[in-house]
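Here's the structure, in structure tokens; my notes come after.
The values are calculated or read from the model by the stated rules, or taken from the named source; none is laboratory data. No experiment lies behind these values; they were computed from the predicted model shown. Every residue, glycine as well, gets a Cβ built from its backbone with ideal geometry; the counts of neighbours run over all protein chains shown.
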Amino acid sequence: MSEVKQKIGWIGTGVMGKSMCGRILEAGYPVTVHTRTKAKAGPLLEQGAEWAPGPAAVAERSEIVFSIVSFPGDVKEVYLTSGGVLSSMAPGSVVVDMTTSSPGLAVEISREAEKKGVRALDAPVSGGDIGAKQGTLSIMTGGNREAFDRVKPLFELMGKTINYMGGPGAGQHTKMANQIHIATTIIGAVESLLYAHKAGLNLDEVIAAIGSGAAGTWTINNLGPRIVKRNFDPGFFIEHFIKDMGIALDEAKKMDLCLPGLSLAHQFYLSAKALGLGKHGTHALSLVFEKMNGLDMDSLK
């Protein structure tokens with residue numbers, strides 16, 4: 001007798017969401033999908049997903065609803081408005097927001113969900129478009145523990161490292177720690193490659209050499225080759241990274257915590273956005289540093 005699979009809802013089919021949802025479809029789950037632009041859901045609809053006209057309609061057809069959208073305001077609209085998920089989610093169901101968003105908003109969604117007998121998880125991810133496609137994301141989860149245990153088999157379709165971090169908001173706080181670390185790591189990767197270039201070294205060989213030693217990071221090994229190839233397509237948008245750093249700085253201020261490295265990285269990325277790079281990948285920070293140093297933008301080819 002075959003297992004009856006839970007009905008899944010999915011909201012948001014961008015760079016990350018499309019691949020993540022696709023993996024759930026591949027596992028044979030019935031999925032109802034919604035995104036602001038229906039055309040973006042086209043590949044998922046061809047794969048077997050059903051379309052819903054809005055978040056409430058997704059909720060009506062689902063036992064577990066996932067979302068991964070852009071900004072905290074989008075999250076609030078998806079869950080807390082009159083046409084949002086919580087307006088029609090049945091008691092006993094689970095909502096999982098995988099957007100990188102505000103810890104305080106995650107707590108608010110959890111509180112409102114509990115009033116309706118719904119359990120909520122905040123489960124932001126790390127790993128970019130590559131991790132989403134390969135199912136190797138790191139998933140950091142806060143919220144109800146029983147809900148986490150129920151959803152974990154679905155997380156395992158999307159990620160390789162799945163951690164329960166604590167109560168509501170704990171997933172978002174963990175993602176902020178992740179983004180703080182990445183912010184200065186990218187600066188280091190960019191500066192090291194610019195230095196190697198000016199020294200006349202072969203950059204692919206430099207990445208191979210330092211990427212396997214103590215300086216080895218996901219950033220240098222995955223984004224370094226993209227910089228060398230001049231491929232600045234987004235695995236993660238600069239404008240979204242600016243949003244994340246802004247949230248982290250706000251949270252740090254509430255904690256009376258001074259994070260000068262994060263503040264500096266935030267300013268560099270604001271410069272990148274001012275130069276029209278907001279829709280580029282985070283590794284396009286290299287273009288800002290190249291400009292500061294008077295390097296030709298294609299000189300790393």
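Structure summary
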read-out: Unmet criterion (only one of (1) in contact (Cβ under 8 Å) with a residue 40 or more places away in the chain; (2) surrounded by 15 or more Cβ atoms within 10 Å (Cβ to Cβ); (3) out of contact with any His (no Cβ under 7 Å at 6 or more places or on another chain)) for residue 238; value: (3)
read-out: Any chance residue 157 is within 18 Å of the chain's Cα centre (by Cα), modelled with pLDDT of 95 or more and part of a helix (DSSP H, G or I); value: yes
read-out: Residues of region 228-249 classified as over 18 Å from residue 124 (Cα atoms) and part of a helix (DSSP H, G or I), total; value: 2
read-out: Residue satisfying condition, being at pLDDT 95 or above, surrounded by fewer than 15 Cβ atoms within 10 Å (Cβ to Cβ) and touching a helix residue (DSSP H, G or I) at 6+ places or on another chain (Cβ under 8 Å), within set 9, 48; value: 48
read-out: Count of region 87-134 residues which are of a type in the set (D, E, K, R) and under 21 Å from residue 61 (Cβ atoms); value: 4
read-out: Matching residues in region 59-80 - criterion: being of a type outside the set (D, E, K, R), part of a helix (DSSP H, G or I) and within 28 Å of residue 239 (Cα to Cα); value: 72, 73, 75, 78, 79, 80
read-out: Which numbered condition residue 199 misses (of (1) surrounded by fewer than 17 Cβ atoms within 10 Å (Cβ to Cβ); (2) under 30 Å from residue 93 (Cβ atoms); (3) out of contact with any strand residue (DSSP E or B) (no Cβ under 8 Å at 6 or more places or on another chain)); value: (2)
read-out: Lone unmet requirement of (1) farther than 20 Å from residue 25 by Cα; (2) surrounded by fewer than 16 Cβ atoms within 10 Å (Cβ to Cβ) for residue 130; value: (1)
read-out: Options 83, 131, 92: the member that is in a helix (DSSP H, G or I) and out of contact with any Asp or Glu (no Cβ under 6 Å at 6 or more places or on another chain); value: 131
read-out: Flag if residue 140 is aliphatic (A, V, I, L, M), surrounded by fewer than 21 Cβ atoms within 10 Å (Cβ to Cβ), within 19 Å of the chain's Cα centre (by Cα) and in a strand (DSSP E or B); value: no
read-out: Residues satisfying the stated conditions in region 108-128, i.e. within 9 Å of the chain's Cα centre (by Cα) and not in a strand (DSSP E or B); value: 124, 127, 128
read-out: Contacts under 8 angstrom Cβ, first residue in region 162-189 being over 21 Å from residue 136 (Cβ atoms) and modelled with pLDDT of 95 or more, partner charged (D, E, K, R) and in a helix (DSSP H, G or I), 6 or more apart; value: 168/111; 173/251; 176/244; 176/251
read-out: Any hit, region 174-183, residues being surrounded by fewer than 18 Cβ atoms within 10 Å (Cβ to Cβ) and in contact with a helix residue (DSSP H, G or I) (Cβ under 6 Å, 6 or more places away or on another chain); value: no
read-out: Options 82, 19, 88; residue that is surrounded by fewer than 24 Cβ atoms within 10 Å (Cβ to Cβ), of a type in the set (Gly, Ala, Ser) and touching a residue at least 60 places away in the same chain (Cβ under 8 Å); value: 19
read-out: Which numbered condition residue 295 fails, given (1) assigned to a helix (DSSP H, G or I); (2) in contact with a helix residue (DSSP H, G or I) (Cβ under 9 Å, 6 or more places away or on another chain); value: (1)
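Yes/no per residue for (1) closer than 23 Å to residue 251 by Cα; (2) outside the structural domain of residue 186 (by TED's automatic domain parsing); (3) modelled with pLDDT of 95 or more:
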{"site": "59", "(1), (2), (3)": "no, yes, yes"}
{"site": "64", "(1), (2), (3)": "no, yes, yes"}
{"site": "93", "(1), (2), (3)": "no, yes, yes"}
{"site": "97", "(1), (2), (3)": "yes, yes, yes"}
{"site": "118", "(1), (2), (3)": "no, yes, yes"}
{"site": "127", "(1), (2), (3)": "yes, yes, no"}
{"site": "150", "(1), (2), (3)": "no, yes, yes"}
